[in-house]
Amino acid sequence: DAGVTQSPTHLIKTRGQHVTLRCSPISGHKSVSWYQQVLGQGPQFIFQYYEKEERGRGNFPDRFSARQFPNYSSELNVNALLLGDSALYLCASSLAPPGLAGEQYFGPGTRLTVT
Amino acid sequence: GQNIDQPTEMTATEGAIVQINCTYQTSGFNGLFWYQQHAGEAPTFLSYNVLDGLEEKGRFSSFLSRSKGYSYLLLKELQMKDSASYLCAVSPSNDYKLSFGAGTTVTVRA
């Protein structure tokens, strides 16, 4: 079975531009979470979606938005990019619904560089 | 807020044992996870503790004490391929997100 997939693998953008990152969860997983990982730090929670609804949001500005589609894939959008947005963006899917802890499976990530 | 602390770096010799400690202060508790992350790769799941005690999975074991807000990951019979960052993460109660520590970089030397 395919694991969590993300696209693109790498991306270079200029300050002020917009970016869309994509994630496909493991088949049967309805929960998708997004994390930002800056070099040398642990992942920081951005969003969680379950059954196409936002169920959690981390401490990120409104420039960050996301959505989940009927097939449970998800997009993360970042507007007005700043240099500080350069990071590895990880998508994770899980079988467990919100409120229940369950193993999260991470995708390979998208490495975003903002110049 | 969530506060999760773990050492920044540890070095050990091939075949030895290393223990990575993690202390946490979170608003609620719904389980503690350990992930392994090789440089440039995604985190991979190692263990999950929700009750006090020791969970053993082959060369890796994880311990939890909820009253002390403390966990450790024990890596036995270290191999070169165990050189990686080890992330401690807590799932707060009624909240699905994971709050991660900064990670402990383990270097295994021959």
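When A:Glu51 is tested against (1) of a type in the set (Asp, Glu); (2) over 12 Å from the mean Cα position of the chain (by Cα); (3) open to solvent by less than 30 Å² (accessible area, probe 1.4 Å), exactly one condition is not met: (3). Do we have B:Ala102 as among the hydrophobic types (A, V, I, L, M, F, W, C) and under 10 Å from the mean Cα position of the chain (by Cα) here? So B:Ala102 fails the test.
Counting only strands (runs of 3 or more DSSP E) that sit completely within the range A:44-97, those holding 1 or more residues that are modelled with pLDDT of 95 or more and within 12 Å of another protein chain (Cβ to nearest Cβ) correspond to A:44-50, A:87-94.
Note on the range A:23-34: residues that are within 12 Å of the chain's Cα centre (by Cα) and either within 11 Å of A:Asn71 (Cα to Cα) or more than 8 Å from every other protein chain (Cβ to nearest Cβ) (or both) total 5.
This table checks each residue for (1) more than 14 Å from every other protein chain (Cβ to nearest Cβ); (2) out of contact with any Gly (no Cβ under 9 Å at 6 or more places or on another chain); (3) in contact (Cβ under 8 Å) with a residue 40 or more places away in the chain; (4) surrounded by 15 or more Cβ atoms within 10 Å (Cβ to Cβ).
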position: B:Gln19; (1), (2), (3), (4): yes, yes, yes, no
position: B:Thr26; (1), (2), (3), (4): no, no, yes, yes
position: B:Leu54; (1), (2), (3), (4): yes, yes, no, no
position: B:Arg59; (1), (2), (3), (4): yes, yes, no, no
position: B:Ser62; (1), (2), (3), (4): no, yes, no, yes
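Every test in (1) open to solvent by less than 20 Å² (accessible area, probe 1.4 Å); (2) closer than 16 Å to A:Leu88 by Cα is passed by A:Gln44 save one, and that test is (1).
Okay, residues lined up against (1) on the phi > 0 side of the Ramachandran plot; (2) buried (at least 21 other Cβ atoms within 10 Å of the Cβ); (3) not small (Gly, Ala, Ser):
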site	(1), (2), (3)
A:Leu11	no, no, yes
A:Arg15	no, no, yes
A:Arg22	no, no, yes
A:Ile26	no, no, yes
A:His29	no, no, yes
A:Trp34	no, yes, yes
A:Gly40	yes, no, no
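One residue stands out in the range B:70-102 among those that are outside any strand (DSSP E or B), open to solvent by 10 Å² or more (accessible area, probe 1.4 Å) and small (Gly, Ala, Ser): the one that is nearest to the other protein chains (Cβ to nearest Cβ), namely B:Ala102.
Please pick out the residue among A:Thr9, A:Thr5, A:Thr20 that is out of contact with any Phe, Trp or Tyr (no Cβ under 7 Å at 6 or more places or on another chain) and more than 20 Å from A:Phe69 (Cα to Cα).
Result: A:Thr9 is the single residue among A:Thr9, A:Thr5, A:Thr20 that is out of contact with any Phe, Trp or Tyr (no Cβ under 7 Å at 6 or more places or on another chain) and more than 20 Å from A:Phe69 (Cα to Cα).
The combined condition, being within 25 Å of B:Ala102 (Cβ to Cβ), under 10 Å from the mean Cα position of the chain (by Cα) and open to solvent by less than 10 Å² (accessible area, probe 1.4 Å), is fulfilled by A:Gly109.
The values are calculated or read from the model by the stated rules, or taken from the named source; none is laboratory data. All figures in this text were calculated on a predicted structure; none of them were measured in a lab. Backbone-built Cβ (ideal geometry, glycine too); neighbour counts: all protein chains shown. Side chains included, ligands, DNA and RNA excluded: accessible areas come from the protein's heavy atoms. Shrake-Rupley method; radii C 1.70, N 1.55, O 1.52, S 1.80 Å.
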